[in-house]
1. Using a 10 Å cut-off around each Cβ of peptide A:319-331, what is the average number of partner chain Cβ atoms that fall inside?
2. Could you give the nm distance between label points at residue A:270 and residue C:89, where each point is 7 Å from its Cα heading toward the beta carbon?
3. Arranged from highest to lowest average of other beta-carbon atoms within 10 Å per residue, in what order do the peptides A:204-216, C:63-75, A:183-195 appear?
4. Express as a percent, rounded to the nearest 5, the fraction of DSSP beta bridges in the protein assembly as shown (both residues included) that run antiparallel.
5. For residue A:328, project a label point 7 Å along Cα to C-beta. Then give me every residue of the stretch C:233-273 with its amide nitrogen under 15 Å of that point.
6. Is the shape of the stretch A:131-223 best called rounded, prolate or oblate, per the rule: a/c under 1.5 gives rounded, else a/b larger than b/c gives prolate, else oblate, with a ≥ b ≥ c the square roots of the Cα gyration tensor eigenvalues?
7. Quote to one decimal, in nm, the extra length available between residue B:200 and residue B:76 on full extension: 0.36 nm per residue of separation minus the C-alpha distance between them.
8. Using the Cα gyration tensor of the stretch A:1-122, with a ≥ b ≥ c the square roots of its eigenvalues, what is the shape: rounded (a/c below 1.5), prolate (a/b larger than b/c) or oblate (neither)?
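Every number here is computed from the coordinates shown, using simple stated rules; none is lab data. Just so you know, these numbers come straight off a predicted model, no measurement behind them. Please note: Cβ atoms are built from the backbone with ideal geometry, for glycine as well, and neighbour counts cover all protein chains shown.
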């Protein structure tokens, strides 16, 4: 049962199994174990970013191509929901769900079409070309999104109402369970959690399918794969379309959770950097690594700052050193970790854990 | 063999996962021209590239003029006096004929006498002196590639299929040029398919088969032994004409 | 059997075609100068990147860091020389700007040397790692800039002599843009002369075409590459300094913003080609300014469109570099 859920791709390491179990269970019980709006928010973000990072791993780890446009698809998903809910509202007969359906469908169509276009255009050349073109397209898209303010709300983004059952005011029952109030927020969280889980398991299925094996064969030796008869451009473009679709769904989940979408939270290059760090530090080409990386990074964003603040205080007198440990410089240290990972641990945390067994 | 300018002992070369050379052994005597023959895929080009340091030998030893050059970087090998003409010719198409030769003449301005000699053999180079080399015809590119190797005196020339796709008149000129080189200053190691060319010029011969040298010896004896040719090359060299 | 000049003709073609679209001759001149100035600044920043790619097949995604560092170093020097900057004398202004720009180039060049050693060298020939590691280098460099110069943006005022515009009838041409055009053309001329008239230049061009053969002729291409990398970084620093003066603000994100333009330019030009990079930069600068005037909302999209059009015409860019 478990074996088939994981598509026969078991963690193959006791510590990794424990860590994954901790993540799955921890996120499942998070609303009750760590009550409070902020921690629920962190938990939901982790879910969304696990999906986003895992879908990026399909490209980076399994297909061996670097796309800098992954946040673009993430943003398309978020804006799909945001625009639909803003325009159609939640007053209709479907209570907003029809808007969500339309938003998700439209986002998927746009994301897949765009991914196919970019892929067919640039994947036939070389990795570096694809990376550069995706970077250019993504930055143009981000600017476009902030320019078309009639549609997207510009720099401020969009704020909208979620369907009634997902709002805090919707109550399942009076009273609380382990300190958590049983309201629409809770439902919303479990919606995010469940969809995320399904998407990650779906990605596992894809990478362990024959399609996934072809991708890896292409990654190892594109010329050989082409010689055997696989159209590498087609396979890579397909992979990039699937990754785009999943990223758009992750964006939709974020929009359903946070009831707002803005360039900063969905399209910025900072998020792209975060995803890169998650996948590389967690371990490329494993999907599980994306999950570990996402948890690690979201935690680091929230808690590495506190640690740095302590160090910063300790060095308050020394001018540059104190700045090095400024709480806002957490990305500096993760960046260094990232570079070291690429050099010395290309398989990331998961690879290390698997070596240990 | 004390008078060997170049000697290979047990040289193995892998390209990626593929083992191409399985212990190549032969000597190139100082002075004269050695032909490196063999079927397609026998490892001739890989052998030249390994001598030049463009592939790294995984095992074995290459000695040039008594010195171990196995681990040296390509530029250092070249600076010992070895010139290389690859099968692809690798002329710089964006540069003019003149500029191609300027780069090949490492030690400075051209020696006018030598340049005249090259022009006398390869007249087209003079005619297209200031033309980007990319616009030359295939035969002219081959002339330029050879000219680049001999614009300054070098002790050893490694030449990969110099006559491939050339017109007979140009081949005759090429033969003359090589003859003058081997009778003068240089030692040549030439990969060749053209038997007429090989027999006309070769002093000694090394025949490769499946990543090894299967036969070494004098050219005259090899040219006479049709059974051996049949065995090593698949057909008598006479039939090549 | 002549050189392929078609892409060069695109530049005057675009300029002429824009006149009827823009309508007024005065705005057209202003926009054209603005476009050339912007294009040439991007060219300065992009030239080194395209050469290092051509020579060693290395694409440095961290190139933006040199641009940013150049901008910050120049800003610091100019702020320190505040009184000369604000003086109403071209000589004093230049006495502040020239050392500022030189400092920017030196620091960026040194940084480039270190970057090549530490970040780039271990990942030769491995494209995926190259992209990842150099991106990592960019992240770290951006953070280090914040450590050294603080997270706030620096406001920079152009000196007296470079403010305002030359007026020719009803045509206004910003003085600083003229300077940018002059500097850009000087850099291009210097690069073109070096590449066409010196032995080092010939070696670089030969190396871009076939590095293996250059080595077989007895030249150490690695040294050549380090040299080009350092010069390219220094030029990025120069471009960054000029860009900072142009925008009159300097932020740590400056590298990330400009690098997108730089990438578009070198893709359009054909990876590895300096001439293509020059034409591409002018095209990008001009179209962005014309379209920014005609249809401001799609200005940045116009670059993508331009890139798509060029790639449809020539899939490898304007001047594809023959590769081994």
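1. Average per residue, whole number: 3.
2. Once both label points are built, they end up 4.6 nm from each other.
3. Working: A:204-216: 17.2, C:63-75: 29.9, A:183-195: 18.8.
The most tightly packed comes first, giving C:63-75, A:183-195, A:204-216.
4. Details: 34 of 53 bridges.
Close to 65 percent.
5. C:250-254
6. Because a/c hits 1.5 or more and a/b fails to exceed b/c, the stretch A:131-223 counts as oblate.
7. Separation in residues times 0.36 nm, less the Cα-Cα distance, equals 41.4 nm.
8. Working: a/c = 2.22, a/b = 1.18, b/c = 1.88.
Here the stretch A:1-122 falls in the oblate category.
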